[in-house]
Amino acid sequence: MTMNDHPLDARMMPSAGGYGRVCLLDAGDLDALRAAAGAGGAASDGNATTGTYARLAKLREALNVSGSGRLAIVIDDPDLRRTREFASLPRTLSAALDVAAASVANACIVVLGDALADGTTAFGDAGASSLSSVDTLADAVADTVFEVRRRIDTYFEQAPLALPADAAGAACLLTAEAVLAWLAMEASPGLHVVHGERRIAWRELAETVARRVPIPTRTDAAEAEADAVLALLETNLKHAERMLGYADGAHVPPPGIPSHRLRCDGFDWQGRIAARVAAHAARHERRDAPRFVDLPSARRITTGSGHAYLSAGRGPRAMLLINAFGIPHDVWHGFATGLAPDFSLYLADDAGDTPADAGLTRAYYSGPDAPARYARSVTELLDVEGIDAIHVASWCGGARYALALARALPGRIASMSLIAPSFAGAQDYDGADSAYENNLNTMCSLVARMPKAAASMARSMTGLLDKRARNDALEGGHASMFALPDSATRHWLHAPFVSAANMIEYSGQLLNFRAHCIEAERDTSIAGIPALLVTGEYDEMTCAIRARAITSAQLRPIQVELQGGSHHMVHQNAALLAKLVGTFVDAPAVTADALPHPRLRIVPAADRVEMEMEMESGEL
């Protein structure tokens, strides 16, 4: 008989000299056991999911039945692999399950010192799954490669992927097959730790992924100048290692606990990587620009006074998304997807039934009084939806609307997350308009004075953007490449410039935006609102120095920078930013340890001064 559906339970263990039954416990099971042991009683529904409770009940029954054959308890917990606090496991099992210590001592307790290379099969009623080490590490490399290729598909033809150094990192292969064989032939009662004998270096892993994509590679990164793609690759691999529970530093066997290295020669890890890369490549080929209205829960709300909102999600908390003026709402699709399970999301939509060309939005800065009208519409929305206070997330120029809203609705803004904010035209703060912001201002000011020039200016802006995507990124190296939008969604950025009519409308919006100097109101009236500022390492379209200065004066935010992030990270890295904002909303005093990925780093005050001395505004 088997006790759950993990791969270790896929077959019976030989009864001669082996273990007839195997029970696997995951991290959730161990948490429930520790809680029960601390409470002085058996695990119950109060501290375990339904699936966990069922597994622990079966384990308790098996340990209490005499003469039913020897039992193996296999433990797969990434945190336990990192902490190596193995010695207390027998006591925890005995106390939590309310079974005699002798019964636990007769069992073979096996801690997986490495994540299973084939550990993706779901197990138990709770539907938990054990991460496959090969899949997770291959994903870290493939995610890096395809994040670059989403910007420029042929980038690696001009700049081959730099491989990590030989000593940069490695992982060991451990398979369910090897653990089963060891349990059948060599296991004995007591506590054991098992590891895989086959070591795969990061360089070998990255080279295997690159060969399957395929893209060219190089090995001279140590002699070359700083390589941003390699740095991102190594950051992603470190995150994968942490998810899998690999401990920092060399493996040191716990004193007094037998440690075993198992051979896993029969496992086709290269074939598994090939399948994983093929899945990434297929998704890359199918990529397109998503639409906000296609979200499963999307609906359109029109208030009694005619204000229109798009809504998605059915979560218990409410969040207002404030878009960049002129840009299609679809940029928020991925972000909304990540938050929809836990939030009800709202996004101002254009009033009326006549859409502009290419999705140009008219929801913001349609006139000098637009921010005040927006605040009134949000008040009505909150009242209609029965929302006392709402969280706010803004992108680009939406930051000024967010600040104005916080001042107009005291007590009704629960938190503010400002992503890549633009404060173009702001005065009396550190920083300056970026080259892109200056170019826009020049062209839009000309169009406002001479509408007949709109068609020519629109062609000029489109030409500049196309030229940069076509040539400058390859000539400008990694910084210029990372600053680009994804090729499949580049048309979102072009929306204001696809026609003379759009150019005229957008020019008016931009001039209204630059005149909306809400940041000039220097007081502490909104400083108590929990705030998060997210900037991109390679955002060349706005000025991070100014964003830090203004938000620090207005809000006292937690400041986070995204490694490899561009101005377009709200959709390029939507899933990660949704996790970050969700983490911040849950616990506004975010610490470095709570960040969901090492690509994200909190910018300390000392670093901000140094960065502001070194940073330069980007150029088109």
key: Single residue of A54, A105 found to be modelled with pLDDT of 85 or more and surrounded by fewer than 17 Cβ atoms within 10 Å (Cβ to Cβ)   = A105
inquiry  = Given (1) outside any strand (DSSP E or B); (2) crowded, with 17+ Cβ neighbours inside 10 Å, identify the lone condition not met by T379.
reply    = (2)
request  = Name the residue, out of A389, A375, A370, that is under 15 Å from S417 (Cβ atoms) and at pLDDT 95 or above.
outcome  = A389
note = Here the residues within segment 252-282 that are closer than 19 Å to V134 by Cα, of a type outside the set (A, V, I, L, M) and not in a helix (DSSP H, G or I) are R261, R263, C264, D265, G266, F267, D268
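Given the criterion farther than 21 Å from A414 by Cβ and among the charged types (D, E, K, R), identify the matching residue among D330, D342. Explain how you work it out, then say what you get.
Working: D342 fails: farther than 21 Å from A414 by Cβ.
Result of the check over D330, D342: D330.
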ask   = Which one of A142, A95, A138, A117 is more than 24 Å from the chain's Cα centre (by Cα), of a type outside the set (D, E) and at pLDDT 90 or above?
value = A95
Residues satisfying the stated conditions in segment 564-601, i.e. assigned to a helix (DSSP H, G or I) and closer than 20 Å to E241 by Cα = A575, L576, K579, L580, A592, D593, A594
key: Among (1) hydrophobic (A, V, I, L, M, F, W, C); (2) free of Cβ contacts under 8 Å to residues at least 40 places away in the same chain; (3) surrounded by fewer than 19 Cβ atoms within 10 Å (Cβ to Cβ); (4) not in a loop (DSSP other than H, G, I, E, B), the one test that A226 misses   = (4)
remark   = segment 417-518: helices (runs of 4 or more DSSP H) wholly inside it with 3 or more residues that are buried (at least 20 other Cβ atoms within 10 Å of the Cβ) are 435-449, 454-467, 477-482, 500-515
query = Is at least one residue of segment 512-519 in contact (Cβ under 8 Å) with a residue 24 or more places away in the chain, among the charged types (D, E, K, R) and more than 24 Å from A363 (Cα to Cα)?
reply = no
query = When you look at S394, is it buried (at least 23 other Cβ atoms within 10 Å of the Cβ), touching a Cys at 6+ places or on another chain (Cβ under 9 Å) and modelled with pLDDT of 95 or more, yes or no?
reply = no
ask   = Is segment 355-372 home to any residue that is part of a strand (DSSP E or B) and buried (at least 20 other Cβ atoms within 10 Å of the Cβ)?
value = no
message = Residue pairs, Cβ under 6 Å, 6 or more apart or interchain, first in segment 550-565 and surrounded by fewer than 22 Cβ atoms within 10 Å (Cβ to Cβ), second of a type in the set (D, E, K, R) and not in a loop (DSSP other than H, G, I, E, B). List them.
response = E561/R601
ask   = Can you tell me how many residues in segment 56-97 are in contact with a helix residue (DSSP H, G or I) (Cβ under 7 Å, 6 or more places away or on another chain) and acidic (D, E)?
value = 2
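The values are calculated or read from the model by the stated rules, or taken from the named source; none is laboratory data. All of these numbers come straight from a predicted model, not from anything done at the bench. For neighbour counting, all protein chains shown are included, and Cβ atoms are generated from backbone atoms with ideal geometry for every residue, glycine included.
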